[in-house]
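Asks: Have a look at this one before I ask anything.
The values are calculated or read from the model by the stated rules, or taken from the named source; none is laboratory data. Just so you know, these numbers come straight off a predicted model, no measurement behind them. Because the Cβ atoms are built from the backbone with ideal geometry, glycine has one as well, and the counts that use them run over all protein chains shown.
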Amino acid sequence: MCGARMVDGSTDAIVELFNEDALMSFLRPFVLQATAEFPEVLASLRARLPVDDGPIGVLGGSLGGAVALRILTNTGISVFAGAIVNGAIRVRSVVDLFPGDYTYDTESEKAADSLDFVAKAGTVAARAPLLVVSGELDHPALRADDPPPTADPLAIAVTTTDREREPEWTTRRDHIPDPGARDRRASGSPDHERLSRRGSPDAGDRPDN
C-alpha cells in the first residue's frame, strides 16, 4: 500500500482499509506483514551491500516503530540497539487517532494486547538497548506512551543523569524542536490534527516512515 505497492498511485486503498477496521484491517496486518518480510529484506540487503552478518540496529518511526519493536520481541534477529521516533508503542493509542469510537471485541482486544510494547518492555530490555524519541509537536497520545524515567525494571527507562548503568529504554522528551512550529502558530495552523476519513496521514504519521 506504500511506495511501489501503492494502488493506482494514491492512498485511497489505505483509507478504505482503515475505514473498514483501523486495527484489524490496517494497523495489525501492516505490522505483522512488515515483521514477517523483514528477514528476507535483511538477507537481500546483506547480499547487495558490503556488510557482514553481525548484529544490526533497528530504527522505526510512527507505525514503523511498532515494526521495530516487534522485531525485538518476536524474532531471533540479532540486534545491538534499537530506536523509535514518535513510535506506535501502544497500538490502542494509534487506533484513537482515527475518526469515531472504536469498538473492541475479543479478537481485537487480543490483537491490541499483542501490540502493546510497554507491557513487553522486559522482553525488549533483554534483547537490546532502546532509545525512545519524542519531539515537542508529536501526537500527545503517542508521547504519553513513552515510558517515564523510573527505577521499575519493567518500565525500562532511565534519566539522562543516570551514569552508573547502561540505559536500556531511554525516553527523550522535548529535545527536538520543530523549525516550522513558529510559522504554524503564527498562521493559526493546529499543531496536531486527527486523521480524516477522506484524507491520509500527514508526513509525520505515514506508516512507511
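Asks: Within the group G57, G82, which residue is buried (at least 20 other Cβ atoms within 10 Å of the Cβ) and either outside any loop (DSSP other than H, G, I, E, B) or among the aliphatic types (A, V, I, L, M) (or both)?
Replies: So the residue among G57, G82 that is buried (at least 20 other Cβ atoms within 10 Å of the Cβ) and either outside any loop (DSSP other than H, G, I, E, B) or among the aliphatic types (A, V, I, L, M) (or both) is G82.
Asks: A further question follows. Please list, ordered by first then second residue, the pairs with beta carbon atoms under 8 Å, 6 or more apart or interchain, first in segment 91-113 and free of Cβ contacts under 8 Å to residues at least 12 places away in the same chain and within 24 Å of V67 (Cβ to Cβ), second among the hydrophobic types (A, V, I, L, M, F, W, C) and assigned to a loop (DSSP other than H, G, I, E, B).
Replies: D113/A119
Asks: Please give the number of the condition V51 fails out of (1) among the hydrophobic types (A, V, I, L, M, F, W, C); (2) touching a Leu at 6+ places or on another chain (Cβ under 8 Å); (3) closer than 30 Å to A141 by Cα.
Replies: (3)
Asks: Can I ask one more? Condition first: surrounded by 14 or more Cβ atoms within 10 Å (Cβ to Cβ) and of a type in the set (D, E, K, R). Now tell me which residues in segment 13-25 satisfy that.
Replies: Result: D21, single match.
Asks: Scanning for something buried (at least 19 other Cβ atoms within 10 Å of the Cβ), in contact (Cβ under 8 Å) with a residue 60 or more places away in the chain and not in a helix (DSSP H, G or I), does segment 26-39 turn up at least one residue?
Replies: Checking segment 26-39: not a single residue is buried (at least 19 other Cβ atoms within 10 Å of the Cβ), in contact (Cβ under 8 Å) with a residue 60 or more places away in the chain and not in a helix (DSSP H, G or I).
Asks: Oh, and also: May I ask you to say which residue of S93, S108 is part of a helix (DSSP H, G or I), surrounded by fewer than 23 Cβ atoms within 10 Å (Cβ to Cβ) and at pLDDT below 95?
Replies: Answer to the check: S93.
Asks: I need a count of the residues in segment 40-54 that are part of a loop (DSSP other than H, G, I, E, B) and surrounded by 10 or more Cβ atoms within 10 Å (Cβ to Cβ).
Replies: 1
Asks: Of all residues in segment 126-164, count the ones that are hydrophobic (A, V, I, L, M, F, W, C), more than 17 Å from the chain's Cα centre (by Cα) and modelled with pLDDT of 80 or more.
Replies: The qualifying residues number 1.
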